[in-house]
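Take a look at the structure set out below.
Where a number appears in this text, it was derived from the coordinates with a stated rule and is not lab data. If you're wondering where the values come from, they're calculated on a predicted model, not measured in any experiment. So basically every Cβ, Gly included, is an ideal-geometry build from the backbone, and we count neighbours across all protein chains shown.
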């Protein structure tokens, strides 16, 4: 098949391959081994397919690529419109990269109802990819809501502790947040007659949407609320620690790695893309929330006795960087925000896997239960250190590049933002290294820890790709930024115009 | 043949096409009567099954005959009945619901040991009334059809005759229902006083020609009370939970879908065709109240039937949002919603009635604990219906809500939309509770789950297929509803205005 032919259907293939796999899985008999292998094959296949996207991506182009646009429903005018640009491209690949790792990490830990677990995981993957690839607002909302069910079920059925509470809280927060987005989308449709992202963007930009100036602020807030809950931005973050702590490892990985990025992606794509003026106007308080998130998240993470909760709060802090970068409206800030999203997906995903590995052996996340683990589990300790350093932003690893770019963007915007944000890096080093010290160094306080086994084959297969990705992203960020940069520049052009308009007034 | 050669009274008689236009009603009545006649002749043990099959045959025949009905659009019986794609839509919907309810009832009747042939007959007669409601354009006929359907449901509500709750349900429904229909009748009378006619088209033309008299407003408001009771919209919803709790589960499935669809069809005609838009605020308030009260009350329910009763109040509220919107979009959104709601709610009640077991013992939330493990397929089906009731993508309920709110936003009803979507978000909680019970809790007591009989399987499959079809490929149905909305709303020419009875214009074709 020629690549041109493939290019026109590749997005559909990548998006729906996991779903098709999940449906096939339903027909398979309940032999756990076969089911796991099948799920792994499907998710790897999806990953390989998705590599087509960056390989044949035209890096210089700013618009959407691999576009498909078919009518789904005639009235209302809903289209099956998919496409990726430099912003969504890598998020798709991140999703397909993490899913096989999730399958691997769940290989041994999911014994009961394994079939349902992997079906849900694959359905989840389709919904996540769909969120990043849809260019029709309706389609976007469709996938956005569709991510809710599998995730809530993953937490509620396969989690531990207060799993039901966590699942319901996760569901309700997101659901109530997103209905406001639905209202905003409906308003946009009522006044533009289209759900198409590009059409709506152009109509708003040309000022031909009736009553738009009156409603713009509300529309902005409608979208913002849905995304802020998902990010999660302070003070909408309270669902996150609960959901993370109670979720199964694979759930946490996808939750932190991809689900949270739906929020920041949405902010970047819709809040900035559709409402540049309102974004500019609302930026100060959003940045304040982001800074609070960075510092507050870090401080709270520091005092957590529970390893998984610590990582969860570190996500609040890291995602604060992303929001800070986005609302700095600078090239560097946005590039950095995109890069932090990817880096955080890889390294926090890795951290959750590592925490999960420990939980499987000891059935606890309490940091005080451990100590001196470096001697019984040397390989585990080495990988852990690597990922911790990546997450803390050590140069040459992936965390550094993104945070550096975000901070330089924030400095360009207002120095104080940069200064306050920079403290976040210090905090993150503090809480991560302190945790590392308490878990791995010192003497073994609990005799049971002496007999812990080191990484198994499946665990290595799951965690090493993360470590490798963290290294490559840190050494050669240009591989990623090459595609991100033009897209970000395109996203920023309306802001140059907004500034121009403000100045000329 | 020339009109002069034929005696006047022959001309006045209904023509062949007239009968075609009410063919579904005729067939349903005939089969209902067959059931009634056969019931005493058959021996007790075998009669249930045979009568059920006859009833099902009748419903299917009625469903098939809608095709003939659709081929002969126009007015019939002296302008009392109008066949257009609007009424065909509701005929198909109502009779399909009836067929599914009969399928569900097979098992239920056997398990509950209810022996009564008239059960099936009453379902069929009720369907006649409901179907007639959707095609009648004469207020008096609408009233009669309303009574036919209501009286059947009053009796059906009391069919668990050894249960006090069922008797209470029946009596309550009867007393309050009669009260409400009286309101409707008052409305009709006042409308006649205001416009000199009881024909909807003629009323519409009269009101359009002259300033609308106050009396007409009062009349429409009174009619709204009567219909609001039927659709269980707040503040006329008080009867719903008790009646739903007491009535047999399949009957609740019927009551919460078919008569509602019929009443909404009438309401669509009353609100949009008569087009007295001043009751806009009445509808606005009723919609907001129904959504909010329904959802809030559903939160604290521990009985699944009561929970679904409050949910049906909330859904009536979402539907009423469409009535506050612009006629064209509102009509099509409401039509779509009734269809989607019928599919998902009937499906949910099918599961509930199967699961309830003898004497409806297992209807509390705790009974559903661990159902995901003991009966995965049943639980999965119920989950899909509940997700659809929440309005999650890929289900009919999602598109239904979407179109309703889309129509509301188009009509600039921002606040009502916000109230609606927030309610939709909050409402997710109590449906989720059932899902949580099924999948995330271990069973605390032994709840027997019987194997799903074939007939119930068919009913569930039909509801599932409809729910998913409307959720994935809503285009065709939506196109149909849009076309029929247009047909319904186009201003009609004044009919021949000599003294009644007048031969129907189209009947002479």
*So what's the gap between the Cα centers of the stretch A:63-113 and the stretch B:207-244, to the nearest angstrom?*
48 Å
*According to a simple spin-label model (label point 7 Å from Cα along Cα-to-Cβ), what is the distance in nm between residue B:458 and residue B:175?*
4.1 nm
*What nm value, rounded to one decimal, do you get for the distance between residue A:414 and residue A:71 when each label is placed 7 Å out toward the C-beta?*
4.9 nm
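Please find the FRET efficiency linking residue B:144 to residue A:478, where r is the Cβ-Cβ separation and R0 is fixed at 60 Å, and quote it to the nearest 0.05.
0.15
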*Gyration tensor (alpha-carbon) shape descriptor, the stretch A:425-483, a/c threshold 1.5*: oblate
*Those residues of the stretch A:451-471 whose amide nitrogen sits under 18 Å from the label point placed on residue A:361, 7 Å along Cα→Cβ*: A:451-464
*Give, in nm to one decimal, the length gained when the segment between residue B:26 and residue B:450 is fully stretched (0.36 nm per residue of separation minus the Cα-Cα distance).*
148.9 nm
*In which sequence would A:308, B:401, A:460 go, from the one with the fewest C-beta neighbours within 10 Å to the one with the most?*
A:460, A:308, B:401
_Rounding to the nearest 10 and keeping the result within 0 to 90°, find how far the Cα-based axis of helix B:280-299 lies from the longest principal axis of chain B._
10 degrees
*Can you tell me how much longer the chain between residue A:471 and residue A:205 gets when fully stretched, taken as 0.36 nm per residue apart minus their C-alpha distance, in nm with one decimal?*
91.7 nm
*Spatial extent of chain A: Rg and Dmax, with the Cα atoms as the point set, Å*: 21.8, 72
*So if R0 is 60 Å, what FRET efficiency would residue B:415 and residue A:24 give, r being the distance between their Cβ atoms, rounded to the nearest 0.05?*
0.80
*Regarding the protein assembly as shown, what are the three Cα extents along the principal axes, ordered largest first, in Å?*
106, 74, 53
*In deg cm²/dmol, rounded to 500, what helix-only [θ] at 222 nm does chain B give when every DSSP H run of at least 4 residues adds -39500 (n - 2.57) and the total is split over its residues?*
-24500 deg cm²/dmol
*asked:* So if I take the centroid of the Cα atoms in the stretch B:282-322 and the same for the stretch A:337-369, what is the distance between those two points in Å?
replied: 43 Å
_Exercise: per-residue mean of other protein chain Cβ atoms within 10 Å, A:274-286_ = 0
*With each label point set 7 Å from Cα along the Cα-Cβ vector, what nm distance links residue A:394 and residue A:160?*
2.8 nm
*So for B:284, A:427, A:144, fewest C-beta neighbours within 10 Å to most, what's the order?*
B:284, A:427, A:144
*In peptide A:174-182, how many Cβ atoms from other protein chains are near each Cβ within 10 Å, on average?*
6
*Using Cα centres only, tell me the gap between the stretch B:83-130 and the stretch A:231-272 in whole Å.*
48 Å
*How high is the relative contact order of chain A, in percent, with contacts defined as C-alpha pairs under 8 Å that are six or more residues apart?*
15 percent
_Can you classify the stretch B:10-490 as rounded, prolate or oblate using the Cα gyration tensor, where a ≥ b ≥ c are the square roots of its eigenvalues, rounded means a/c under 1.5, and otherwise it's prolate if a/b beats b/c and oblate if not?_
oblate
*May I ask you to derive the FRET efficiency for residue B:38 and residue B:182 from their Cβ-Cβ distance with R0 = 45 Å, giving the value to the nearest 0.05?*
0.80
_Angle check, please: helix A:3-27 long axis (alpha carbons) against the longest principal axis of chain A (alpha carbons), in degrees 0 to 90, nearest 10._
50 degrees
*Can you tell me the 0 to 90 degree angle between the C-alpha axis of helix B:376-390 and the longest principal axis of chain B, rounded to 10?*
50 degrees
*Quick one: which of A:450-459, A:364-373 comes out on top by average Cβ neighbours within 10 Å, and what's the full order, highest first?*
A:364-373, A:450-459
_I need to check one value: relative contact order of chain B, counting alpha carbon pairs closer than 8 Å and at least 6 residues apart, in percent._
17 percent
*In which sequence would A:122, B:378 go, from the one with the fewest C-beta neighbours within 10 Å to the one with the most?*
B:378, A:122
*By the gyration tensor of its Cα atoms, with a ≥ b ≥ c the square roots of the eigenvalues, what is the shape of the stretch A:134-182: rounded for a/c under 1.5, prolate for a/b over b/c, or oblate?*
oblate
